[in-house]
1. Using 0.36 nm per residue, how much length does the chain from A10 to I45 gain when fully extended, once their Cα-Cα distance is taken away?
2. For the chain, what does -39500 (n - 2.57) per DSSP helix run (n ≥ 4), summed and divided by total residues, give at 222 nm, in deg cm²/dmol to the nearest 500?
3. Need one number: nm distance between label points at D38 and T20, each 7 Å from Cα along Cα→Cβ, rounded to one decimal.
4. Among L8, A62, T20, flag the residue with its Cα farthest along the positive direction of the charge dipole of the chain, charges on Cβ as +1 for Lys/Arg and -1 for Asp/Glu.
5. Hey, what did the chain get for relative contact order, percent, Cα under 8 Å, at least 6 apart?
6. Can you give me the distance in nm between label points at L52 and M1, each placed 7 Å from the Cα along the Cα-to-Cβ direction?
7. Considering only protein heavy atoms, what per residue accessible area in square angstrom results for the chain with a 1.4 angstrom probe?
8. If packing is taken as the average number of other Cβ atoms within 10 Å across a peptide's residues, how do 23-31, 40-48 rank, most packed first?
Amino acid sequence: MLTDYVFLIARLLLAAVFSTAAWSKLRDRDASRQAFLDFGLPAPIAAPFSVLVPVLEVLVAAALVSDVSS
């Protein structure tokens, strides 16, 4: 029973981390694109990744909150 609450809190904290990361990337897409370029991604790939990665982070956060583990 206690472990259920621990896992719930862990999932909510992870969802908050992913949501915050996504929000910051979407808020400043130029800096996000530049970060991907600095990591070594080619320019044609860095631009779509600056949108794709935050969208995936939001989806992961939503999955953590919705508890799809049945």
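1. Numbers: separation 35, 0.36 × 35 = 12.60 nm, distance 3.27 nm.
Between A10 and I45, full extension yields an extra 9.3 nm.
2. Working: 3 runs with 60 residues, N = 70.
Estimated from H runs of four or more residues: -29500 deg cm²/dmol.
3. With each label placed 7 Å out from Cα toward Cβ, I get 1.9 nm.
4. My answer, from the dipole projection, is T20.
5. On the way: 50 pairs, mean separation 30.4, N = 70.
So the answer I get is 43 percent.
6. 4.7
7. Details: 5170 Å² over 70 residues.
For the chain, the solvent-accessible area averages 74 Å² per residue.
8. So the order, starting with the most tightly packed, is 23-31, 40-48.
The values are calculated or read from the model by the stated rules, or taken from the named source; none is laboratory data. Just so it is clear, the model here is predicted, and its values are computed rather than measured. Ideal geometry is used to build each Cβ from the backbone, glycine not excepted, and the neighbour counts take in all protein chains shown. Protein only, heavy atoms only, side chains kept; ligands, DNA and RNA dropped before computing areas. Shrake-Rupley method; radii C 1.70, N 1.55, O 1.52, S 1.80 Å.
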